[in-house]
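The block underneath contains the structure these notes are about, expressed in structure tokens.
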Amino acid sequence: MSRITHNCAGHMRRDFLKLGLTAAGGGLGFTDLLRAKAMAASAPQPSLSRPVNCILVWLDGGPSHYEMFDPKPDAPSDIRGQFNPIRTSVPGVHFSECVPNLAKAADKFTVLRSVTHKDPNHGGGNHYMMTGAPTPVPVGCGAFVTFHPSFGSVVSYKRGVQNGLPAYMTLPSITRSGGPNFLGAEHAPFVAGGDPNSKGFKVRDVVLPSDISEARGLSRRELRMSLDRMKRLNNAVAEDPAVSFDTFYGQAVDLIASKPAQEAFDINLEDEKTRDLYGRNDLGQRMLLARRLVEVGVPFVTVNYGGWDHHRDVFKTCKGEFMQKFDQGMSALITDLDRRGLLESTLIVALGEFGRTPKINKDNGRDHWPGAMNILFAGAGVPRGGVIGATDPKGYYASENIYSPEDFAVTLYTKLGIDPHQLLHTNSGRPVQLINGGRPIRELFA
């Protein structure tokens, strides 16, 4: 059995820019184009009457499949860990006792247990699972890299601003590889920081400064437009930074002036019972805010919940507040969308960059392990109460219905009505296939 090593040595943030700018990547040959065309023709299509929006819950660091959706009670103690499996609302399906609320809601979602890849580093794993593309060169474990547009940026590129609301938002911070790359800075996520559970919560840049009225703000925009006669180069290849600045300025003013945006971010409009359902904590209220955003038409929202790199004390963490917040917030999000009739038009996905090692280390933790990982799917035509694939009896490797990050990406884009094998073009005109290869995970299409 091959041993997968890990390396947590980090890169400084400037490497994010350096590595992104030096990315190579070749063009596409004729056979690649034919293959892409064939894949697109055979891909299943969602039978939904309204556009599908997406909430992606990113579990940065790599959650343990053993302590969540794939317990191994018959494995040796140094593999199975300290927790017992519990029954779920789906007969014959068991989860870890760490996620009791999700176990009760298991009849509303599907768990994919058999995703695998070969990159054990956070930097490369993040990029692979956030874009569907592996890094063309090895990157450090702590690297923030962009070689390919992220899912949210592609959705922004395809859907655009609607009702003054950005098409791609992330709470409370951008993920390592969540940027737009060559699609341009206007398709970077709008970051809504802060703690929605705090008193007087407001999202910066969504409200006017207290000393400027709405009318005065709009008149300033008009004044600026009338005075600014700087020549604008609209050709994207020219990369005139002033064009991007104008785009950002316009989006910012539209966001401030948008009534749907103001209402969506005002979490105090929610009734107390709903807020309690999600949990009165930062993560729970961010999940609630994500629901409010897709409800008013934001196509792609990422909830970034880091801290899953459990090299030590994994059992202490997973039976404490850290896991409890995720379990409560995630189950509430699925249940709330379902009771509002929004689950079928909202794709919910929860994942990290990889799973954790079968063997428990000397610090009572688990290390990086891309040989097996779980992904939770709900909504947008995903069958309810399902389990797809399996790992071997000790949880080392995906062993049945094995899927890759490219398969995951193809499935996500297909659910959102985006051709996963289309050609995009960089600013220099080089063609880039959105996803190189991959197949739809057909079990996720009802």
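Observations
- Stokes-Einstein D (µm²/s) once Rh is taken as the Kirkwood radius of segment 284-342 over alpha-carbon pairs, at 4 °C in 1.567 mPa s: 101
- Label-point gap, in nm, between L424 and N268 - each point 7 angstrom along Cα→Cβ: 3.9
- Taking 0.36 nm per residue of sequence separation and removing the Cα-Cα distance, the L342/V137 pair yields an extension gain of 69.7 nm.
- Spatial offset of segment 45-107 relative to segment 379-424 amounts to 15 Å, using the alpha carbon center of each.
- Model label points for R280 and N361, set 7 angstrom from Cα along the Cα-to-Cβ axis, are 3.8 nm apart.
- Most to least packed among 359-368, 267-276 [average Cβ atoms within 10 Å]: 359-368, 267-276
- Taking other residues whose beta carbon is less than 14 angstrom from the beta carbon of L343, and scoring Lys, Arg as +1 and Asp, Glu as -1, yields +2.
- Descending by average beta-carbon neighbour count within 10 Å, the peptides 371-382, 144-155, 392-403 line up as 144-155, 371-382, 392-403, the highest first.
- Ranked packing of 314-326, 102-114, 55-67, most packed first, by mean Cβ within 10 Å: 55-67, 102-114, 314-326
Computed from the coordinates by the stated procedures, all read-outs in this text should not be read as laboratory data. Just so we're clear, the structure is a prediction, and the values are computed from it rather than from any experiment. All Cβ positions, glycine included, derive from the backbone under ideal geometry; neighbour counts span all protein chains shown.
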